[in-house]
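One structure is given here, and the rest of the page talks about it.
Readers should treat all values here as calculations from the given coordinates under stated rules, not as data from a laboratory. Since we're looking at a predicted model, the values are computed, not measured. FYI the Cβ positions are ideal-geometry reconstructions off the backbone, even for glycines, and counts take in every protein chain you see.
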Amino acid sequence: MEHGDLKCVNLNGSARCGSRLVTQVSFQYKRKLAVITLMLLGGFFLLGTAAGLAKDKQPTTRTITGTVFDDGGNTIQGAAIEVTDVQTGKVLDIYSQESGQYRMADLRFDHDYTVKAMYGGSSSEVRRISILETRWTLVLNLTIPKTHK
């Protein structure tokens, strides 16, 4: 087989063109190596994208949950829970459920809050949530002392 000025000789799946030996095996090896390299790069890309998406899934607000008790350890249904945004002065009110539990969501991380519960003319201690608190969900159990007459 002639190619330009070089004489090529076919030797069972390889060819010798002048002093250069060209094999099909080396071409297939290079092709497999390229495919494996592309697959690895694609995997690293997908892994990096998934990690970036995971960061984006972090909550942008915090939630407060808890249970309201009397000083005897009994849960109180219908206690008013007052959550006050210290920066704006806005007051949010919710009521404890049958099991004494409450939940307040969508509170900003960059604001301080105070929380207290009221029932039957008495109120719990005032609890403060600081902007330095980094947890997404806070559990604040509140105790309202019984009024003694």
> Looking only at the stretch 64-96, which residues are at negative phi and in a loop (DSSP other than H, G, I, E, B)?
Replying inline: 71, 72, 74, 76, 77, 79, 86, 87, 88, 90, 96
> Just checking, how many residues over the stretch 115-149 are small (Gly, Ala, Ser) and closer than 25 Å to residue 61 by Cβ?
Replying inline: 3
